[in-house]
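Asker: Please read through the structure below; I'll follow up with questions.
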Amino acid sequence: MVAAAVAVVALTWLWAALVQLVWRPYAAARAFTRQGVRGPAYRFFVGNNEEVKAMRAATSGVTLDLRSHDFISRVMPHYRAWTSRYGKVFLSWYGSKPTLCVGDYDMVKRVLSDRSGLYAKTDPGPEILALLGMGLVFTEGDDWARHRRVVHPAFAMDKLKSMTGTMAACAAEVIGAWAARAAAKGNNKKFFTIEVGQQFQELTADVISHTAFGSSFRQGKEVFLAQRELQFIRLERKVRGTLMEIIHERLAAAKESRGYGTDLLGLMLEANAAGGGKRVIMSMDEIIDECKTFFFAGHDTPHIAPPHLGHVPPWHTPGVTMVLYETLRLYGAVIMVGRVAWPR
Ligand code: HEM
């Protein structure tokens, strides 16, 4: 009797594994081939993972020519190889999971502007969720719309423009430090090397600390540092505790009619307090998650761009916007955006 039960369980398990690892990949590949979408062949269980690993290993030591902007062949060699072989839309395999890579502009636009919920956001997993929080980047549907209502006013053009002075002051501080280092070298040693990547990371952390948390920027910077550490160890409580502290100070200030503040947090809290603060749109936890999102989404992306601005020849103010757009086009800080085309 027991042996029979064990056999049934084992057979059921085997059947489910066969469906998942053999039948589904075969059926999905066939369905895509019929639509003219090709790609690297599925390998049992591992999909294309081994090929991706091998291609990455082969290019990991390559140093790009300073004048070359072709970083995709260095960062995502498999993507380069497969687009040239199979076209802008191809099917690859993350283990037994079919992954449709879409590089066709109209198709990307259709997926990203879809509001029917057909293309869900990818599951961030517990580590990323701890880092970014369940903010705008991961929320969906009604929750996303509710969060947007609160966060959107903080990103109005006039509000952002009023923050440019703060941003320029942060940049001036960095340049001032460089100038001081040059001066300290004395007259005959005016040239010195700076690791700009790290400097810009610091700069964008300062900018987001000031623009998101205004006068509370020191606590903001603490959150940022804790959040950075959180990537390696668990500092969730520290991040949450400090953010709570900042938010409570703002709520107290608003109660005493001193206002919520003109930074991103203040503007967000103001929009949240619909009906004079009696009825809020987002909970404290949700506000905290949006703060985490600002920090991570607002820092880890722009710091990539400025170092590349240095590659362009000397430019003048009217060309700055064009240079910025071109830099973002060539060195997009987000190289891939994922969506799931089936219900989770
Ligand atoms: C060069 C700089 C930046 C780049 C390349 C960039 C890129 C992106 C991309 C591609 C998305 C869409 C993600 C998806 O749909 O899955 C996104 C969303 C978002 N980003 Fe950025 N970002 C940048 C700067 C910032 C900054 C400075 C902030 C905040 C201070 C920010 C906050 C957000 C937020 C809140 C979302 C979610 C928007 C929503 O779904 O309504 N980003 N960003």
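The values are calculated or read from the model by the stated rules, or taken from the named source; none is laboratory data. Bear in mind the structure is a predicted one, so any value in this text is a computation, not a measurement. Backbone-built Cβ (ideal geometry, glycine too); neighbour counts: all protein chains shown. These accessible areas exclude ligands, DNA and RNA; they are computed on the full protein's heavy atoms, side chains included. Shrake-Rupley method; radii C 1.70, N 1.55, O 1.52, S 1.80 Å.
Asker: Do any helices (runs of 4 or more DSSP H) lying entirely in the range 216-289 carry at least 2 residues that are of a type in the set (D, E, K, R), open to solvent by 50 Å² or more (accessible area, probe 1.4 Å) and modelled with pLDDT of 85 or more, and which ones are they? Show your work before the answer.
Answerer: Working: elements: 217-230, 236-255, 264-272.
Because the criterion is at least 2 residues that are of a type in the set (D, E, K, R), open to solvent by 50 Å² or more (accessible area, probe 1.4 Å) and modelled with pLDDT of 85 or more, the helices (runs of 4 or more DSSP H) in the range 216-289 that meet it are 217-230, 236-255.
Asker: Looking only at the range 137-165, filter to residues that are more than 11 Å from the ligand (Cβ to nearest atom) and outside any helix (DSSP H, G or I); which one of those is nearest to the chain's Cα centre (by Cα)?
Answerer: The qualifying residue nearest to the chain's Cα centre (by Cα) is A156.
Asker: Checking L203 against (1) in contact (Cβ under 8 Å) with a residue 24 or more places away in the chain; (2) assigned to a helix (DSSP H, G or I); (3) under 18 Å from E270 (Cα atoms), which test does it fail?
Answerer: (3)
Asker: So, one more: In this structure, is A57 away from the ligand (no atom under 16 Å from the Cβ) and surrounded by 14 or more Cβ atoms within 10 Å (Cβ to Cβ)? Show your work before the answer.
Answerer: Values: away from the ligand (no atom under 16 Å from the Cβ): yes; surrounded by 14 or more Cβ atoms within 10 Å (Cβ to Cβ): no.
No, not satisfied.
Asker: Working carefully through the options T33, T99, find the one that is among the β-branched types (V, I, T) and in a strand (DSSP E or B).
Answerer: Numbers: T33 fails: in a strand (DSSP E or B).
When all the criteria are applied, what remains is T99.
Asker: Say whether the condition of being within 9 Å of the ligand (Cβ to nearest atom) and modelled with pLDDT of 65 or more is met by at least one residue in the range 310-318. Show your work before the answer.
Answerer: So the first thing to find is which residues in the range 310-318 are within 9 Å of the ligand (Cβ to nearest atom), and the list is none.
No, there is no match, as no residue in the range 310-318 is within 9 Å of the ligand (Cβ to nearest atom) and modelled with pLDDT of 65 or more.
Asker: Taking the conditions exactly as written (assigned by TED's automatic domain parsing to the domain that holds I208 and under 27 Å from K161 (Cα atoms)), does D285 satisfy them or not?
Answerer: Values: assigned by TED's automatic domain parsing to the domain that holds I208: yes; under 27 Å from K161 (Cα atoms): no.
For D285, the condition - assigned by TED's automatic domain parsing to the domain that holds I208 and under 27 Å from K161 (Cα atoms) - is not met.
Asker: Quick check on M134: is it outside the structural domain of F294 (by TED's automatic domain parsing), of a type in the set (A, V, I, L, M) and not in a helix (DSSP H, G or I)? First the steps, then the outcome.
Answerer: Values: outside the structural domain of F294 (by TED's automatic domain parsing): yes; of a type in the set (A, V, I, L, M): yes; not in a helix (DSSP H, G or I): yes.
Against the criterion (outside the structural domain of F294 (by TED's automatic domain parsing), of a type in the set (A, V, I, L, M) and not in a helix (DSSP H, G or I)), M134 qualifies.
A quick yes/no check of all residues on (1) under 17 Å from L129 (Cβ atoms); (2) within 16 Å of the ligand (Cβ to nearest atom):
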| residue | (1), (2) |
| --- | --- |
| E245 | no, no |
| A252 | no, no |
| K255 | no, no |
| L264 | no, yes |
| A273 | no, no |
| I287 | yes, yes |
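Asker: Then there is this: Just checking, does the range 194-201 include any residue being within 14 Å of the ligand (Cβ to nearest atom), surrounded by 15 or more Cβ atoms within 10 Å (Cβ to Cβ) and among the aromatic types (F, W, Y)? Outline the logic, then answer.
Answerer: Here is the first cut: in the range 194-201, the ones within 14 Å of the ligand (Cβ to nearest atom) are 200-201.
Pick out the ones that are also surrounded by 15 or more Cβ atoms within 10 Å (Cβ to Cβ) and you get 200-201.
Keeping just the survivors that are among the aromatic types (F, W, Y) gives 200.
So far as the range 194-201 goes, yes, one or more of its residues are within 14 Å of the ligand (Cβ to nearest atom), surrounded by 15 or more Cβ atoms within 10 Å (Cβ to Cβ) and among the aromatic types (F, W, Y).
Asker: Somewhere in the range 104-122, is a residue open to solvent by less than 60 Å² (accessible area, probe 1.4 Å), on the phi > 0 side of the Ramachandran plot and outside any loop (DSSP other than H, G, I, E, B)?
Answerer: No: zero hits.
Asker: Condition first: out of contact with any helix residue (DSSP H, G or I) (no Cβ under 7 Å at 6 or more places or on another chain), open to solvent by 80 Å² or more (accessible area, probe 1.4 Å) and farther than 30 Å from R30 by Cα. Can you find one or more residues in the range 80-99 that meet it?
Answerer: no
Asker: To continue, here is another question. Is the range 81-99 home to any residue that is more than 16 Å from the ligand (Cβ to nearest atom) and under 18 Å from the mean Cα position of the chain (by Cα)?
Answerer: To start, the set of residues in the range 81-99 that are more than 16 Å from the ligand (Cβ to nearest atom) comprises 81-98.
When the remaining residues are screened for being under 18 Å from the mean Cα position of the chain (by Cα), the result is none.
So far as the range 81-99 goes, no, none of its residues is more than 16 Å from the ligand (Cβ to nearest atom) and under 18 Å from the mean Cα position of the chain (by Cα).
Asker: Of the residues that make up the range 159-178, is at least one without any contact (Cβ under 8 Å) to a residue 24 or more places away in the chain and closer than 30 Å to R279 by Cα?
Answerer: For the range 159-178, residues without any contact (Cβ under 8 Å) to a residue 24 or more places away in the chain and closer than 30 Å to R279 by Cα: present.
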